[in-house]
Amino acid sequence: MILVTGGAGFIGSHLVADLVASGQAARVFDDLSSGKRENLAGLRGVELVEASLVDAAALERACAGVTTIYHLAACPSVPKSFDEPAFCHAVNATGTLHVAMAAARAKVRRVVFASSCAIYGNTGDVAVAETRPPQPKSPYAAQKLLGEHYLNDYGAAHGFTTVSLRFFNVFGPRQDPSSPYSGVISIFCERLLRGEAITIHGDGRQTRDFVAVADVVQALRLAAKEPGVVHGSVWNVATGRSRTLLELHAALAALVGGAPPPCHGPARAGDIVRSAADITAIQTNLGYRPRVGFTDALASTLDWYRMRAAAVAQAVDKRGATPRSGGKA
Ligand SMILES: NC(=O)c1ccc[n+]([C@@H]2O[C@H](COP(=O)([O-])OP(=O)(O)OC[C@H]3O[C@@H](n4cnc5c(N)ncnc54)[C@H](O)[C@@H]3O)[C@@H](O)[C@H]2O)c1
């Protein structure tokens, strides 16, 4: 049995869909705080355990019969980790310790951990390799680094292999734009489709390596199945090509047929200015190859937000058209 923590979330639900498509059963452990049941709708053979990482006993029960854990559940936001540091620590750091403890008890074979490029801090324009000493600039980044250590230490002591994948900026369908903590592409897509102005925090020259969610799923699956993986391996998951937020805005504006230039607001605390990835190690060790072109992935992401907006409008129309029952004339 495979356990996916955070399997009802954005990346997790794409992973679960891929597992199901290849004939595997999956157990999802998720408290549905940002994940959604509907992200798993129509997927056969998926069991949902609705519980929190802070509940060590629930995690231990969910690990019964599990051979592989994909650990993706988290409070995945830099700003939120400043706003609510103790809460985020309980989920991201202590929660990951609970995953390590449960994996040890259940004699799990491998844990693949969704870590983050935030661990590197500001890297300048140099593509950062995994050998670079971590310089976390936010509680979120520090919690992810601690999570890597907990899993490595527990794995070494109890005989399971851990792989930490440091995701760069992931995007694609089902990324929720409704929270102030959401990824930039989901927010830009939704605002551009509504014809609303875009505000960029800072001058827009900050760079990101935007990686399509399908490529992240590719990396996760390879990390779980490659037999010769060395315990404690850490690999970047990205495309190897960074873009500025201004470039991103221009690419999306072109896809929607034009948009006014973005406005600019103050930079946010803990935001990384430059982010660039060296992906040689994961290419060499796992045979990972980014397959999805940036513009194609942006276009299919935009399509998904269009469909979502249409479904919401239809639901509102229906509610408006339905006569209220039980009301007095
Ligand atoms: N999206 C990115 O660009 C990105 C970049 C780097 C790392 N990551 C990491 O990838 C993972 C998945 O991120 P995502 O973008 O899919 O976010 P998401 O918010 O869509 O998914 C997180 C999932 O974890 C669940 N969750 C949160 N707290 C929980 C708790 N206490 N117990 C159980 N479940 C809980 C949520 O309900 C959600 O389903 C996270 O660990 C995140 O830190 C994401």
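A few notes on this one:
- Placing a pseudo-label 7 Å from each Cα along the Cα-to-Cβ vector at residue 304 and residue 281 gives an inter-label distance of 2.8 nm.
- The range 155-235, accessible surface, carbon-and-sulfur percent (1.4 angstrom probe): 51
- q = 0.12, 0.22 Å⁻¹, the range 116-175: log10 I(q)/I(0) [Debye, one scatterer per Cα]: -0.36, -0.94
- Proximal lysines relative to residue 225, as straight alpha-carbon distance under 25 Å, when same-chain residues fewer than 8 apart are discounted: 107, 144
- Computed Kirkwood radius, in angstrom, where 1/r is averaged over Cα pairs of the chain: 20.5
- For the range 127-245, alpha-carbon Rg over 2.2 N^0.38 Å: 1.25
- Karplus (6.51, -1.76, 1.60) ³J(HN,Hα), θ = phi - 60°, over the range 197-209, in Hz, Gly and Pro reported as x: 6, 9, 10, 9, 6, x, 7, x, 8, 5, 10, 9, 9
- As a rough guide to protection, the peptides 73-79, 30-36, 223-229 ranked by mean Cβ packing within 10 Å, highest first, stand as 73-79, 30-36, 223-229.
- Average Cα contact separation per residue, the chain, under 8 Å, 6 or more apart, as relative contact order %: 17
- Beta bridges per DSSP with both ends in the chain, % antiparallel, nearest 5: 5
- Listed by chain and number, the aspartates and glutamates placed with their C-alpha closer than 15 angstrom to that of residue 137 are 83, 271; residues fewer than eight positions away on the same chain are left out.
- Taking amide H as placed 1.01 Å from N in the peptide plane, residue 162 has its amide H under 5 Å from the amide H of 111, 232, 233, each at least 5 places away in sequence or on another chain.
- Per residue, the convex hull spanned by the alpha carbons of the range 21-117 comes to 112 Å³.
- For the chain, the solvent-accessible area works out to 45 Å² per residue, with a probe of 1.4 Å and every protein chain left in place.
- Between residue 256 and residue 67, the C-beta separation translates, for a Förster distance of 45 Å, into a calculated FRET efficiency of about 0.50.
- 14 Å beta-carbon shell around residue 138, net charge (K/R +1, D/E -1): +1
- Rg/Rh for the range 209-329 stands at 1.16; both radii use Cα atoms, and Rh follows the Kirkwood definition.
- Normalised by 2.2 N^0.38 Å, with N the number of residues, the alpha-carbon radius of gyration of the range 238-306 equals 1.39.
The values are calculated or read from the model by the stated rules, or taken from the named source; none is laboratory data. In this text the structure is predicted, and so the values were computed from the model without any measurement. For neighbour counting, all protein chains shown are included, and Cβ atoms are generated from backbone atoms with ideal geometry for every residue, glycine included. Quick note on the areas: whole protein, heavy atoms, side chains included, nothing else; ligands and nucleic acids left out. Shrake-Rupley method; radii C 1.70, N 1.55, O 1.52, S 1.80 Å.
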